[in-house]
Amino acid sequence: MGIIGRIIYAPFSSKEKIEKYQQIIRDEEWKWLRKEIPANTDFLDVGCGAGYAMQRASEDLGCNCVGVDPDPGAHGVGRYVKDMVADEKILQGYAENIPFEDGKFDVVFSSHVLEHVNDEQKSLQEMKRVLN
């Protein structure tokens, strides 16, 4: 069974297995996306979960990272490994109402989020609004 088949059965897996496969997926995604993100920029992750993309942007690219999530730390890579969670840099908030001023960020990152928002159009407008 390939990785996708194993992920489908994630609800029946241990927390360690879920963490492992989530990290494999996010690392593969990051491998392709990181070359599009300028180093040393102000980086906002909308729907950041536990802050894994923020951690990667900070460590790999020297970005100044902040995240917004309705339930910080409750999902995504790092949710079971609390020392990975960048709590102090994650604000509770929603994509439809990002709590930052216009043009604050050089990069607005959001992955696997739009299917969870109440208003896709408003969420995208907000992401554009805070983008420099």
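Taking packing as the residue-averaged number of other Cβ atoms within 10 angstrom, the listed peptides 38-47, 107-116 run from highest to lowest as 38-47, 107-116. Would you mind classifying region 20-119 by shape? Square roots of the alpha carbon gyration tensor eigenvalues, ordered a ≥ b ≥ c; an a/c under 1.5 is rounded, otherwise it is prolate if a/b is larger than b/c and oblate if not. Rounded, because the longest to shortest axis ratio a/c is under 1.5. Near Asp45, the amide H atoms lying under 5 Å from its own belong to Val66, Gly67, Val68, Phe109; only residues 5 or more places off or on other chains count, and H is placed 1.01 Å from N. Whole-Hz Karplus values for region 27-42 come out as 5, 5, 4, 4, 4, 7, 7, 4, 6, 8, 9, x, 6, 6, 10, 7 Hz, taken residue by residue from phi with 6.51 cos²θ - 1.76 cosθ + 1.60 and θ = phi - 60°; glycine and proline positions read x.
If you add up the charges near Phe105, with Lys and Arg at +1 and Asp and Glu at -1, over every other residue whose beta carbon is less than 12 angstrom from its beta carbon, what do you get?
Charge balance in the 12 Å sphere: -3.
Only protein heavy atoms count here; on that basis, with a 1.4 Å probe, Met127 has an accessible area of about 20 Å².
The values are calculated or read from the model by the stated rules, or taken from the named source; none is laboratory data. It should be emphasised that the depicted structure is a prediction, and the values quoted were computed from it without experimental measurement. Backbone-built Cβ (ideal geometry, glycine too); neighbour counts: all protein chains shown. Surface accessibility is based on the protein's heavy atoms, side chains included, excluding ligands, DNA and RNA. Shrake-Rupley method; radii C 1.70, N 1.55, O 1.52, S 1.80 Å.
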